[in-house]
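Some notes on the structure that comes next.
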Amino acid sequence: MNIEKYLDRIKHRGKSTPNLDLLKKLQKQHLLHVPFENLDIHYNVPIKLDIDRIYKKIVLNKRGGFCYELNGLFFKLLIALNFEARQISARVYNKEKGYGKEFDHMAIIVRIDDNEYLTDVGFGDFTFEPLKIDIGKIQYDERGTYLVDKYNDTYFSVNKTEKGKTTPKYIFQTSGRNFKEFQEMCAYHQTSPESNFTRNRLISLPTTNGRITISGNNLKINASDSTTEHEIKDEVEFKQYLRSLFDIPKL
């Protein structure tokens, strides 16, 4: 993995001293330039937990990915930059089914100056900055208000409050996990009709003042307080939007 090419992919400039300021910059730059997407699933391209393959897809081919790919590669970047980091398992909240299975989601915990921070570039609409694991303390971010709290004796929870509405995001354990432990759930999310990722193609990228999302054939652009929607008529138009809105040259 070429670190300089990776940093160029997320348009990071400046020093790479492993501190909280750098972690904040890396997370935000990653979110702004690498989309969350599940397109391989809908083009019958298997997603494997192979870092070299993921690096080629995201960095060299300017694609995005879903949590195992995005956070898996970001973890390798943090380690290469001498951060003290570990991969963790999380279970995503669904308002109809509750929390998902173990290894449903991958996130990262980084330890800096005796404090631990939850960092996540693979969850779609999430905070631009790492969340300090400071139980019960409200944390403010330009994307909303967040709270890390105890869920029970085993898990911590992440909740987001936006416009007066609080939404559970996921619960997580703080113990480190091996990348290959996520393989079974990675396969599940590519193949199961119960997985949200097999139902519609999805690509989403935050902007400094909103978000751009294609779900199925629907394009939605949120900017400040306005929202525009457009029905994509065919594959040609879809690929045009991939290039113009997400800077993806080809699939």
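Each value in this text was obtained by applying a stated rule to the coordinates, not by laboratory testing. In this text the structure is predicted, and so the values were computed from the model without any measurement. Don't worry about glycine lacking a Cβ; one is built from the backbone with ideal geometry, like all the others, and counts go over all protein chains shown.
Placing R0 at 25 angstrom, the Cβ-Cβ distance between ASP149 and GLU84 gives a FRET efficiency of 0.60 after rounding to 0.05. Say R0 is 51 Å: what FRET efficiency, to the nearest 0.05, do GLU142 and ASP234 get from their beta-carbon distance? The value I calculate is 0.90. Sum up the charges of everything whose Cβ sits under 13 Å from the Cβ of ASN2, counting Lys and Arg as +1 and Asp and Glu as -1, but leave ASN2 out. After counting each charged neighbour, the total is +1.
When +1 charges are put on Lys and Arg Cβ atoms and -1 charges on Asp and Glu Cβ atoms, the dipole computed for the chain relative to its Cα centre reaches about 420 debye.
The chymotrypsin sites (Phe, Trp or Tyr not before Pro) found in the range 9-93 that occupy coil by DSSP, while having at most 10 further C-beta atoms within 10 Å, are TYR43. Rounded to the nearest whole Hz, the Karplus-based 3J(HN,Hα) values (6.51 cos²θ - 1.76 cosθ + 1.60, θ = phi - 60°) of the range 26-34 follow the sequence 5, 5, 5, 4, 5, 5, 6, 10, 10, with x at glycine and proline.
Using θ = phi - 60° in the Karplus curve 6.51 cos²θ - 1.76 cosθ + 1.60, the 3J(HN,Hα) couplings for the range 147-152 round to 9, 9, 9, 6, 8, 7 Hz; x is entered for Gly and Pro.
Relative to the current alpha-carbon distance between ILE221 and ASN94, full extension at 0.36 nm per residue lengthens the span by 43.3 nm.
How much FRET efficiency would the formula 1/(1 + (r/R0)^6) give for THR17 and LYS163, where r is the Cβ-Cβ distance and R0 is 35 Å, rounded to 0.05? Taking R0 as 35 Å, the efficiency between THR17 and LYS163 is 0.45. One decimal place: the segment ILE51-ASP113 gains 19.5 nm when fully extended, by the rule 0.36 nm per residue minus the C-alpha distance. The ranking of ASP149, ASP52, ASP40, ASP125 from fewest to most other beta carbons within 10 Å of each one's beta carbon is ASP52, ASP149, ASP125, ASP40. Of the Cα atoms belonging to the chain, the radius of gyration and Dmax stand at 17.4, 53 Å.
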